[in-house]
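The values are calculated or read from the model by the stated rules, or taken from the named source; none is laboratory data. The shown structure was predicted, so the numbers you read here are calculated from the model rather than taken from an experiment. Here Cβ is always computed from backbone atoms with ideal geometry, including for glycine, and neighbour counts include all displayed protein chains. What goes into the accessible areas is simple: the full protein's heavy atoms, side chains included, and nothing from ligands, DNA or RNA. Shrake-Rupley method; radii C 1.70, N 1.55, O 1.52, S 1.80 Å.
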Amino acid sequence: MPDKNPLHSDSSEKRKVPQYPLRDFFKNPERGFYRLSDDGKTLGFMQPAGAQRRMNLFVQTLDGEKLVGEARQLTHETERDLAGYFFKGNEVVLFSKDFGGDENFHVLAVNTRSGAVQDLTPFDKVRASIEDDLEDDADHVLISHNQRNPEVFDVYRMNVHTGAAERVAENPGNIIGWQTDHAGKLRAAVASDGLMSVVLYRDDEAQDFRPIIETDFRVNVGPAFFDFDNQHLYLYSQRGRDKLAFVRIDPATPDNEQMVFETAEVDLDSVGYSRQRKVLTAAVYQTDKLHLHFFDDVTRNLYARLQQQLPGYEVHLQASNKDETVFVVAAVNDRTPGKRYLYDAQRDALTLLSEMNPAIDERDMAPMQPVRYQSRDGLTIHGYLTLPRDHQSAEKLPVVVNPHGGPWARDHWGYNPEVQFLANRGYAVLQMNFRGSTGYGRAFWEASFGQWGLAMQDDITDGVQWLIDQGIADPARIAIYGASYGGYATLAGITLTPDLYAAAVDYVGVSNLFTFLGTIPPYWKPMLDKMQAMVGDPVKDKARLEATSPALLADRITTPLFIAQGAQDPRVNKAESDQVVAALRARGVEVEYMVKDNEGHGFHNDENKFEFYEAMERFLAAHLKP
């Protein structure tokens with residue numbers, strides 16, 4: 001860790017940074033989310049449509065790299081943006097949507113020629129998702145849903161033209177993940193049995209699953225995908241090591257792991273492969289920034305050519321045709337969501353599709369700087385500090401501390417519209433990967449168990465103190481803002497360290513650990529024992545949970561507080577926010593409270609996003625005076 005303020009900019013460019021309109025940061029792109037049909041002759045994308053400007057699906061004909069004719073609108077959603085989509089062959093697109101943020105996603109099919117739309121999972125209060133697109137089967141996909149039992153997901157082979165379904169596997173009650181082989185056969189699964197995790201395997205679909213690996217859930221082991229012979233399995237595994245590695249096994253001798261790739265510093269995020277060439281392509285992992293380890297020269301050379309044409313940007317392959325000769329490429333960095341291109345690998349030709357946010361000049365956005373500091377008990381906490389573009393030599397700045405959600409997730413380097421908006425308004429923003437954040441190995445993750453409101457919160461507090469000690473933060477002008485677990489950390493911050501923050505914004509945050517654990521979605525129930533081991537048992541750990549539930553400590557709150565909540569939130573029930581508001585108002589303390597009836601775990605519709613961020617801007621300005 002540097003021993004003095006490490007955050008002076010090395011930029012020689014001096015610009016007067018304008019204050020950009022708030023909506024420019026948070027509006028949907030005019031066109032984005034590009035995908036390709038199998039033959040590469042049709043380009044799919046989403047763009048705002050209708051009076052409500054919801055993100056809907058469009059297609060347009062491609063002739064080489066040129067778009068031909070008019071774009072055709074395939075969906076006409078008015079209540080909510082589509083959640084996502086992909087091509088099934090050349091003439092069918094599968095897409096998903098939920099209702100008011102309830103996360104009960106339906107899978108629908110639309111014919112690109114006729115425009116006919118069919119809901120493949122037309123069931124009320126049922127959550128469905130794609131298990132395998134069955135690339136070599138023109139008519140079917142594998143879909144899982146929880147219609148039979150809300151707590152578990154069965155798998156069905158479904159005809160995308162007729163909606164006819166055949167059940168391939170009935171969940172016995174404990175399976176939390178399924179894995180197909182390269183022929184689309186359901187051959188592996190992961191089961192959750194109390195505090196044990198079990199990898200299941202079968203040689204073919206006529207057999208019953210049998211356990212081949214059993215571990216304590218603290219040891220992360222799970223199928224990545226089958227080897228191309230459909231006999232061996234690639235796994236992500238922590239067996240005998242702290243960091244998640246990529247290994248290969250023979251299911252007949254599952255304890256004999258053949259190491260394929262690992263890093264000593266962090267967990268692996270993922271490993272990719274080529275369906276066309278049947279080779280591993282690249283492993284992805286994150287330290288302070290993203291890294292790729294290449295397994296084959298074709299992929300290495302592809303990225304090298306793209307990087308040469310797109311210097312200064314991270315390059316991501318977002319889609320391709322079936323032959324893997326034409327790709328949708330994203331070029332992004334910490335100051336811009338970037339541009340999207342069509343790349344013809346055979347011709348080494350890059351064609352611009354669109355810029356994701358042309359309203360904002362990346363030169364005016366603030367660099368996201370990796371930092372690290374020590375926790376009070378000696379852990380190294382990694383994070384990111386973003387300083388206002390006009391204040392790169394930082395002294396006594398107003399600060400927004402922004403702990404991430406999850407909590408078993410992590411912040412990463414890259415463009416974040418919230419962070420850039422706050423920096424544009426004159427705030428420094430500190431994000432930290434407190435203990436429990438994923439990617440840093442088993443010991444760091446396990447150090448969070450039973451530590452909500454305790455050591456996890458101390459890691460956040462220690463980050464604030466580090467900023468003060470560095471001279472960056474004005475101690476009288478520090479706010480805390482977070483969503484989900486970050487909302488919990490916000491409430492914990494103003495109840496457990498009430499003098500530290502001048503303002504607080506809680507967005508869909510947990511407030512009461514008892515009611516939170518009692519109102520989880522039904523499909524989390526197979527993992528409830530594990531959640532209680534990680535968070536706390538309402539009976540055995542009653543005193544600790546009481547002492548770290550902000551709703552039960554609301555009499556300590558003196559910090560100005562703004563709360564926002566989606567009424568349909570299935571993860572953090574609206575009652576979590578209601579409890580805090582009611583407790584404060586009972587004391588005669590006014591709290592700003594925004595509820596949106598057509599939103600869930602976070603706001604997605606543009607008009608609701610705008611209203612939330614406009615309210616937050618006013619609130620922070622009133623209390624931090626940037």
Checklist entry - Residue check, ALA366 against (1) in a strand (DSSP E or B); (2) free of Cβ contacts under 8 Å to residues at least 60 places away in the same chain; (3) among the aliphatic types (A, V, I, L, M); (4) surrounded by 15 or more Cβ atoms within 10 Å (Cβ to Cβ), all met but one. Which one? => result (1)
Checklist entry - Got a number for residues in the range 404-429 being closer than 28 Å to GLY441 by Cα and in contact with a Leu (Cβ under 9 Å, 6 or more places away or on another chain)? => result 4
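Every residue, every condition in (1) surrounded by fewer than 16 Cβ atoms within 10 Å (Cβ to Cβ); (2) assigned to a helix (DSSP H, G or I); (3) β-branched (Val, Ile, Thr), yes or no:
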{"residue": "MET456", "(1), (2), (3)": "no, yes, no"}
{"residue": "TYR481", "(1), (2), (3)": "no, no, no"}
{"residue": "LEU500", "(1), (2), (3)": "no, no, no"}
{"residue": "GLY509", "(1), (2), (3)": "no, no, no"}
{"residue": "LYS530", "(1), (2), (3)": "no, yes, no"}
{"residue": "LYS540", "(1), (2), (3)": "yes, no, no"}
{"residue": "ALA543", "(1), (2), (3)": "yes, yes, no"}
Checklist entry - Checking LEU517 against (1) free of Cβ contacts under 8 Å to residues at least 24 places away in the same chain; (2) aliphatic (A, V, I, L, M); (3) open to solvent by 40 Å² or more (accessible area, probe 1.4 Å); (4) in a helix (DSSP H, G or I), which single condition isn't satisfied? => result (3)
Checklist entry - Where in the range 285-336 are there strands (runs of 3 or more DSSP E), lying wholly inside it, with at least 1 residues that are out of contact with any Cys (no Cβ under 9 Å at 6 or more places or on another chain) and buried (at least 18 other Cβ atoms within 10 Å of the Cβ)? => result 314-320, 326-333
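So how many residues does the range 545-571 have that are out of contact with any His (no Cβ under 8 Å at 6 or more places or on another chain), within 24 Å of ASP597 (Cβ to Cβ) and outside any loop (DSSP other than H, G, I, E, B)?
The total comes to 6.
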Checklist entry - Is it the case that the range 227-246 has a residue that's polar (S, T, N, Q), open to solvent by less than 20 Å² (accessible area, probe 1.4 Å) and in contact with a Phe, Trp or Tyr (Cβ under 9 Å, 6 or more places away or on another chain)? => result yes
Item to check | Number of positions in the range 379-421 that are modelled with pLDDT under 95 and out of contact with any Gly (no Cβ under 9 Å at 6 or more places or on another chain) | outcome: 3
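So that you can scan it fast, the table gives a plain yes or no per residue for (1) among the aromatic types (Phe, Trp, Tyr); (2) at positive phi; (3) in contact with a helix residue (DSSP H, G or I) (Cβ under 9 Å, 6 or more places away or on another chain):
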| site | (1), (2), (3) |
| --- | --- |
| GLY406 | no, yes, yes |
| PHE434 | yes, no, yes |
| SER437 | no, no, yes |
| PHE444 | yes, no, no |
| ALA447 | no, no, yes |
| ALA455 | no, no, no |
| THR461 | no, no, yes |
Checklist entry - Condition test on MET594, is it touching a residue at least 12 places away in the same chain (Cβ under 8 Å) and part of a helix (DSSP H, G or I)? => result no
Next on the checklist: All but one of (1) in a strand (DSSP E or B); (2) open to solvent by less than 40 Å² (accessible area, probe 1.4 Å); (3) at pLDDT 95 or above hold for SER192; state the number of the condition that does not hold.
Outcome noted: (3)
Item to check | Filter pass, ARG347 being in a loop (DSSP other than H, G, I, E, B), open to solvent by 50 Å² or more (accessible area, probe 1.4 Å) and either among the hydrophobic types (A, V, I, L, M, F, W, C) or closer than 30 Å to GLY493 by Cβ (or both) | outcome: no
Item to check | Any pair with Cβ under 9 angstrom, 6 or more apart, that starts in the range 309-325 at a residue that is basic (Lys, Arg) and ends at one that is open to solvent by 60 Å² or more (accessible area, probe 1.4 Å) | outcome: LYS322/ASP39; LYS322/ARG275; LYS322/GLN276
Next on the checklist: Which of the numbered conditions does ASP181 fail, given that it passes all the others? Conditions: (1) surrounded by fewer than 20 Cβ atoms within 10 Å (Cβ to Cβ); (2) under 25 Å from ASN220 (Cα atoms).
Outcome noted: (1)
Checklist entry - Within the range 575-626, how many residues are open to solvent by 40 Å² or more (accessible area, probe 1.4 Å), under 18 Å from VAL419 (Cβ atoms) and among the aliphatic types (A, V, I, L, M)? => result 1
Checklist entry - Residues in the range 92-125 that are hydrophobic (A, V, I, L, M, F, W, C), assigned to a loop (DSSP other than H, G, I, E, B) and buried (at least 16 other Cβ atoms within 10 Å of the Cβ): how many? => result 3
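Give the range 48-88 a look and list any residue that's open to solvent by less than 50 Å² (accessible area, probe 1.4 Å) and of a type outside the set (A, V, I, L, M, F, W, C), or say none.
Across the range 48-88, the qualifying residues are PRO48, ARG54, ASN56, GLN60, THR75, GLU77, ARG80, ASP81, GLY84, TYR85, LYS88.
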Item to check | First in the range 422-439 and assigned to a loop (DSSP other than H, G, I, E, B), second anywhere and among the small types (Gly, Ala, Ser) and open to solvent by less than 10 Å² (accessible area, probe 1.4 Å), Cβ under 6 Å, 6 or more apart | outcome: ARG435/SER448; GLY436/SER448
Item to check | Filtered residues of the range 132-148 (kept if under 21 Å from ILE176 (Cα atoms) and either in a loop (DSSP other than H, G, I, E, B) or open to solvent by 60 Å² or more (accessible area, probe 1.4 Å) (or both)) | outcome: ASP133, LEU134, ASN146, GLN147, ARG148
